[in-house]
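Reading through the structure tokens given below for one structure.
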């Protein structure tokens with residue numbers, strides 16, 4: 001008898017599909033050690049354009065992984081990004097699954 005593919009025993013089942021995209025994973029990884037980061041700082045750190053970062057952040061925000069805060073510094077509008085509690089938990093599980101695949105399996 002073959003194993004049930006839905007049994008969930010392989011560590012890959014712990015991967016979050018949303019974080020399989022390199023830019024989204026990079027954004028979450030960059031935010032993980034920080035309380036918050038300014039949009040421009042994160043854009044430069046991840047080395048993407050404004051539009052690419054905006055699109056990826058929108059997907060992460062829709063999933064509840066990233067929180068977006070808008071404000072001003074002086075007269076200039078600014079956007080800050082932070083990981084939600086759910087985003088931090090998902091990132092930790094994703095990393096644990098990657099480690100298990102790379103080092104513990106089978």
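No lab work stands behind these numbers, since they all come straight from the coordinates. Quick caveat: nothing in here was measured; it's all calculated off a predicted structure. Heads up, the Cβs are rebuilt from the backbone with ideal geometry, glycines too, and the neighbour counts pull from every protein chain shown.
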State the number of residues belonging to the range 49-61 that are in a helix (DSSP H, G or I), without any contact (Cβ under 8 Å) to a residue 24 or more places away in the chain and over 10 Å from the mean Cα position of the chain (by Cα).
5
Residue by residue through the range 5-48, note down the ones that are under 20 Å from residue 79 (Cα atoms) and not in a helix (DSSP H, G or I).
32, 33, 34, 35, 36, 37, 38, 47, 48
I need the full set of residues from the range 62-106 which are under 13 Å from the mean Cα position of the chain (by Cα), surrounded by 16 or more Cβ atoms within 10 Å (Cβ to Cβ), assigned to a helix (DSSP H, G or I) and in contact (Cβ under 8 Å) with a residue 24 or more places away in the chain, in order please.
87, 90, 91, 94
